[in-house]
Every structure is written in C-alpha cells, then in structure tokens.
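J.: This is the structure I want to talk about, given as structure tokens.
The values are calculated or read from the model by the stated rules, or taken from the named source; none is laboratory data. Not measured: the values here are computed from a predicted model. With ideal geometry, Cβ positions are generated from the backbone for all residues, glycine too; neighbour counts draw on all protein chains shown. Note: areas computed on protein heavy atoms with side chains; ligands, DNA, RNA excluded. Shrake-Rupley method; radii C 1.70, N 1.55, O 1.52, S 1.80 Å.
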Amino acid sequence: MNDLVKKIAIQAAQLEQLLAANCRTLVASTLLAIILAYMQRDVIAPPVIIGWLALVIIVNMIRIIITLSHQRNPATDTLAVQKRLTQFRLGVIASSLLWGATSILMFPADHLQHQMFVIYVLTGMSAGGIVSYSVDLVSAIAYTLITLTPILIRLFLAGDSISITMSISGFLYLIFLIVSIRNINGNLIENITLRFDAAEREKEINQLAFNDPLTNLPNRRLLLDRLNHALVMSARTNKRGALLFLDLDHFKMLNDTLGHDMGDLLLKQVAERLLACVRDSDTVARLGGDEFVVMLEDLSEDHAEAAAQVEKIGTQITASLNRPYQLDAYEYHSTPSIGIAMFGDHGKSHEELLKHADIAMYQAKKAGRNAVRLFDFQMQEVLNERTSNK
C-alpha cells in the first residue's frame, strides 16, 4: 500500500510540473508555428499553410484551456490524477503529430534554405520538448520521436549522399536525445521521490510529536496548543467552551486480569466512540493511560444554554461508553467518570481548566463512578485527595 501511495504521489507531482510549464511551452510552440508559416509562405501552397497553422493554434488553445482548468482545480484522487496524466500525454502526441507533419506539408522539395529552416525549427522544438516534458518519460520520448522521425525518414529517402548523411546523423542525435531524456527523467523522479520521502518523514515526526501512537488522538502537547487557541477565540467571540476530563473505571483491573493487549484494544475503541460523540470542530485527546480529554468549542454565549449543551454531550459520551466492548473473544463492560470545567467560569488558562476538570472527575469517582460532575469551587478542598482505587 505504501508503494502504491508513493507511486500516486509521484504521478501527481509529475502532473503538477508538466502543467506548470505547459502554457509557456504552448505559447512558444504557437509563435514558432506562426514564424514557420510566414517563412514558408512563398514555397508552400497557402491552403496547406493556413490549414496546418489553424490546427496547431486550435490544438494549442485547447491544451492551454485544459491546463488552466486543471491548475485551478487540482486532482484530489488517484483516478483523477491518472486520467489527467493520460489526457496530457494525448495532447502531447497530438501536438507532436502536427509538428511531425511538417516533413510532408512544409518541406519544399527544391528549396534548400527553407528545408534547413524546417529542420532548424524541429530541432528547437525537440529540445524544448525535452525541457518541458522530461519529468514524464512517456510524454518526452513520444514528443521527440514523433516530431523528428518523419523528417529523418524524409531525408533518408531523398537518396543523395548529403541527405542520407544528415538522416543518419539525425538518428544518432535522436538516440542521444532519448538517452538524455531517460537520464533527466531519472534525476527528476529521484528528486520527487526524495521530496516525498522527506515529507513523509516530517509527517511521522509530527505524528510522534503531537499524536498518541496507540489511538492516533492528539496528545497532551497538541491538546494544550489547541486549548490555548480555543481560550483566545472564546475570549474574542464570547462563545463558551468546556473541558471534559474522562477516566475509565477499573481500567487497572482489566490490564491485570486480561493483559495489556486487551487494555489497548479497549482504549482504541473508547477513542473511536468519543470521536463519534463530538463535532468535527471539537478535540478528543488522550493524555496517557486511561485518561482522555474532550474539548468543546463554539458553545452558546448564554451560560445556561452552554451548560445544557455540555451536559447533553456528557450524557451521550456516558451512554456510548457504557455499551459492551468486544475485546477479541471477550465481551467487556466499562464505564467512565467524567469531570467538566467551563471556559472562563472555572479558569482562564489551560492549567486551571485541566486541574479543575480533573478535580471534578475525582468527585465523579467518589460519587460511585460512571458519573458526570461539573466543577464547583467547593471541590478545591479535595484537590490533594488522590486514590489509587480507580
């Protein structure tokens, strides 16, 4: 799966680089087509020149429009990236067929200077194609072969020694170009791969730094960062918020009887259920062991209504965590003790809120567990009471 993800990421980066250079390439192609048509006006029939030039301009304009559309709306899934890469390659082939056709349509039989000008333009187009398309081996090789091969065959079939020598030299040049394309492409893909690997390593480092490795929830560090931001926003908007400090009842007994593997399974399922109980804008974090924190933001400005919202979510969490858990072959029942601290009412810093929510949680345990308690400043007297009998 990781190899597949990397392959798709590389294709997306290829497509991005191709699109980034494509408009400039197509504008240059259009200008060269106009110059070529102008230079060949006296030796090629006007209908041929006009028809060829019109096709070049139409194809280039269509490709520019598609390119701009794809840049404005980047592909976000595997199928879209692959489809757009295929479309780009087809556009490259269409353009190269038109330039390859110059060996038939724009190559006057008895005008050496005009012949040399066509060869000069095609050589420049092939060089430009290498610069623009080498990030995609298919596009670069197809463009080079289709653009140059017809003129080299035309020279060879001319039969005179100069033309044959030019054709053979041209094929050697073509081979050199293909080898160069492969080398350039290899270097570009290697650079893309290195950037992808570096980004993945950075994600892993951030994951380890800010997320709990077992549940993938935010850890204490990320929670505190979000909580500080939430407190600032709450003060600015007057929207209330709350912290729910949650501890699983008798969790130590589960570890002692069924083992830590079963305890880890329970913690993962608890994390999933907690996430299902809150909104996307809220935060569920694991502080360690069996301690979780739920941070609710953007509650009502009205104190009573905000308290009712928190109470409703607390009830939902309690009901969800009271449902049986399937731990491999075991059906296990677990209950939470939850303490709540409201922003502003129970503290204006993360230290105060966490401390007060923790105190309220221990009051829930003292009340018989499987309970929810809102912090009250009268609870301060139990600040130092801690019991190991969870």
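J.: Kyte-Doolittle mean at least -1.0 and Cα extent at least 30 Å along the axis: which DSSP H helices of the chain qualify? If you can, show how the numbers build up before the last one.
T.: Working: long enough: 2-39 (54 Å, 0.93); 46-72 (39 Å, 1.43); 78-100 (33 Å, 0.60); 112-133 (31 Å, 0.97); 137-158 (31 Å, 1.95); 161-210 (72 Å, 0.54).
Once both thresholds are applied, what remains is 2-39, 46-72, 78-100, 112-133, 137-158, 161-210.
J.: Carbon-plus-sulfur fraction of the accessible area of the chain, 1.4 Å probe, in percent? Display every interim value, and only then the final one.
T.: Working: 12250 of 20460 Å².
Carbon and sulfur atoms account for 60 percent of the accessible area of the chain.
J.: To continue, here is another question. Which Cα, out of I49, L112, G128, lies furthest along the positive dipole direction of the stretch 1-134 (beta carbon charges, K/R +1, D/E -1)?
T.: About the Cα centre, the residue reaching furthest to the positive side is G128.
J.: Moving on to the next point. Using a simple charge model, +1 on the beta-carbon of Lys and Arg, -1 on the beta-carbon of Asp and Glu, nothing else, what dipole does the stretch 1-155 show about its Cα centre, in debye to the nearest 20?
T.: So the magnitude is around 260 debye.
J.: Taking the Cα centre of the stretch 206-248 as the origin, how large is its charge dipole in debye, to the nearest 20, when only Lys and Arg (+1) and Asp and Glu (-1) carry charge on their Cβ atoms? Numbers along the way, then the final one.
T.: On the way: 6 positive and 3 negative charges, 56 e Å.
Using only the charged Cβ atoms, the result is roughly 280 debye.
J.: Quick check: the distance between the Cα centres of the stretch 259-284 and the stretch 142-207, to the nearest angstrom?
T.: 53
J.: What order do you get for 309-316, 258-265, 42-49 when each peptide is scored by the mean count of other beta carbon atoms within 10 Å, highest first? Write down the numbers at each step before the final one.
T.: Working: 309-316: 17.4, 258-265: 15.2, 42-49: 13.2.
With the highest mean Cβ count within 10 Å placed first, the list reads 309-316, 258-265, 42-49.
J.: Let me ask you something else. Please report the antiparallel percentage of the DSSP beta bridges confined to the chain, to the nearest 5.
T.: Working: 23 of 26 bridges.
Around 90 percent antiparallel, to the nearest 5.
J.: Could you check the spin-label model distance between K239 and T86? Points 7 Å from the Cα along Cα→Cβ, value in nm.
T.: If labels sit at K239 and T86, their model points lie 4.4 nm apart.
J.: Taking the Cα centre of the chain as the origin, how large is its charge dipole in debye, to the nearest 20, when only Lys and Arg (+1) and Asp and Glu (-1) carry charge on their Cβ atoms? Each step should come with its number before you reach the end.
T.: Numbers: 35 positive and 39 negative charges, 208 e Å.
Around 1000 debye, computed over the chain.
J.: With the calculation restricted to Cα positions, what are the radius of gyration and Dmax of the chain in angstrom?
T.: For the chain, the Cα radius of gyration and maximum Cα-Cα distance read 34.4, 107 Å.
J.: Heads up, I need the accessible area for R195: 1.4 angstrom probe, whole protein in place, Å², nearest 10.
T.: Surface accessible to solvent at R195 totals approximately 130 Å².
J.: Hey, another quick one. Roughly speaking, what is the centre-to-centre gap between the stretch 318-375 and the stretch 18-32 when only Cα atoms are used, to the nearest Å?
T.: What the calculation gives is 62 Å, centre to centre.
J.: Please give, to one decimal in nm, the separation of the simple spin-label points placed at D376 and L79, each 7 Å out from Cα toward the Cβ.
T.: Those two pseudo-labels are separated by 5.9 nm.
J.: For the chain, build the charge dipole from Cβ charges (+1 Lys, Arg; -1 Asp, Glu) around the Cα centre, then report which of N73, L243, G259 sits farthest towards its positive end.
T.: Of the options given, the answer is N73.
J.: Under 17 Å from a label point 7 Å along Cα→Cβ of L194: give me every residue in the stretch 99-141 with its amide N that close.
T.: 135
J.: Follow-up question, since we're still on this one. Given the options A230, P213, F196, identify the residue whose Cα lies farthest towards the positive end of the charge dipole of the chain (+1 on Cβ of Lys, Arg; -1 on Cβ of Asp, Glu).
T.: F196
J.: Anything over 20 Å Cα to Cα? Flag those among K6/K83; K252/K355; K312/K355; K83/K203; K7/K83; K268/K365, in the order listed.
T.: K252/K355; K312/K355; K83/K203; K268/K365
J.: I need the GluC sites (Glu not before Pro) found in the stretch 220-305, filtered to DSSP loop residues with at most 16 other beta carbons within 10 Å of theirs.
T.: Values: sites: E272, E291, E297, E301, E305; in loops: E301.
In loop regions of the stretch 220-305 (DSSP not H, G, I, E or B), the sparsely surrounded GluC sites (Glu not before Pro) are E301.
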